[in-house]
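Take a look at the structure below.
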Amino acid sequence: MTSPNHGPQDLLQLVQTFIIKGDDFAAAGSVSLAIKKLLKEVGFPPEALRRVAITAFEAEMNVVMYGGGGEVSLFLAPGTARLVIKDHGPGIPDLDLAMQEGWSTATAAMREMGFGAGMGLPNIRKNSSRFHVDTALGQGTTLTADIDI
Ligand SMILES: Nc1ncnc2c1ncn2[C@@H]1O[C@H](COP(=O)(O)OP(=O)(O)OP(=O)(O)O)[C@@H](O)[C@H]1O
Ligand SMILES: [Mg+2]
């Protein structure tokens with residue numbers, strides 16, 4: 001995400017980094033909830049806040065279910081929020097396939113809990129202004145998503 005032009009992204013400042021525990025379904029969703037609460041308190045507009053919350057939740061769940069845990073960093077600049085979600089899990093073998101609606105490798109247990117519709121990554125694409133996935137087999141996955149106000 002480099003650009004010769006100056007834009008709001010040049011002014012991004014780290015607000016906070018949150019730890020996501022792997023395979024912990026009791027705690028799952030708590031990080032995206034904390035991000036939503038924080039942004040609400042600083043007056044982030046509701047419509048954009050909703051898109052941040054969806055993006056953060058879907059990314060958090062993927063780190064819980066597939067990534068073995070990781071972290072989310074929240075950055076802010078005037079007019080935009082950035083989420084950087086990183087794990088050191090197995091990586092995504094075929095990103096094009098993973099981005100397709102309905103594609104999922106969720107286990108039967110995950111599906112019983114209501115996950116595994118294969119809609120997480122497509123929802124992130126829909127709700128973010130820009131996003132990028134960096135993934136390497138055996139090394140992990142980093143998803144960067146910007147949500148403009
Ligand atoms: N961080 C990750 N590490 C490894 N694999 C991942 C990661 N995130 C997604 N995947 C892979 O991409 C697939 C699609 O992810 P997506 O979030 O779209 O759907 P899902 O998690 O399977 O279902 P849903 O999000 O609807 O509950 C997953 O089933 C998994 O195989
Ligand atoms: Mg998912």
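Checked against the criterion of being among the basic types (Lys, Arg) and more than 9 Å from ligand 1 (Cβ to nearest atom), segment 107-125 contains one or more residues that satisfy it. The C-beta contact set for segment 120-149 (first residue closer than 14 Å to Gly91 by Cα and charged (D, E, K, R), second residue within 16 Å of ligand 2 (Cβ to nearest atom) and modelled with pLDDT of 95 or more, distance under 8 angstrom, 6+ apart or interchain) comprises Asp134/Thr141; Asp134/Thr142; Asp134/Leu143.
Annotation: of all residues in segment 126-142 being closer than 16 Å to Ile54 by Cβ and either polar (S, T, N, Q) or touching a Phe, Trp or Tyr at 6+ places or on another chain (Cβ under 9 Å) (or both), the one that is farthest from ligand 1 (Cβ to nearest atom) is Ser129. Among the residues in segment 110-118, are any part of a helix (DSSP H, G or I), touching a residue at least 60 places away in the same chain (Cβ under 8 Å) and within 13 Å of ligand 2 (Cβ to nearest atom)? No: zero hits.
Of the listed requirements (1) of a type outside the set (D, E, K, R); (2) outside any strand (DSSP E or B); (3) within 8 Å of ligand 1 (Cβ to nearest atom); (4) under 30 Å from Gln13 (Cβ atoms), Ala53 misses just one: (3).
Evaluating Met119 against the criteria (1) crowded, with 17+ Cβ neighbours inside 10 Å; (2) of a type outside the set (D, E, K, R); (3) within 21 Å of Ala28 (Cβ to Cβ) leaves one unmet condition, (1). Screening the candidates Gly91, Gly70 for the property of being of a type outside the set (Lys, Arg), part of a strand (DSSP E or B), within 16 Å of ligand 2 (Cβ to nearest atom) and in contact (Cβ under 8 Å) with a residue 40 or more places away in the chain yields one hit, Gly70.
Condition first: surrounded by 13 or more Cβ atoms within 10 Å (Cβ to Cβ) and of a type in the set (Lys, Arg). Now tell me which residues in segment 15-39 satisfy that. Those that are surrounded by 13 or more Cβ atoms within 10 Å (Cβ to Cβ) and of a type in the set (Lys, Arg): Lys21, Lys36. All conditions in (1) surrounded by 13 or more Cβ atoms within 10 Å (Cβ to Cβ); (2) of a type in the set (A, V, I, L, M, F, W, C); (3) free of Cβ contacts under 8 Å to residues at least 24 places away in the same chain hold for Leu83, with the sole exception of (3).
Looking only at segment 94-105, residues that are crowded, with 17+ Cβ neighbours inside 10 Å and in contact (Cβ under 8 Å) with a residue 40 or more places away in the chain come to 0 in all. Of all residues in segment 40-48, none satisfies being under 16 Å from Val84 (Cα atoms), crowded, with 16+ Cβ neighbours inside 10 Å and in contact with a helix residue (DSSP H, G or I) (Cβ under 8 Å, 6 or more places away or on another chain).
The values are calculated or read from the model by the stated rules, or taken from the named source; none is laboratory data. This structure is a prediction, so every number in the text was calculated from the model and none was measured. Backbone-built Cβ (ideal geometry, glycine too); neighbour counts: all protein chains shown.
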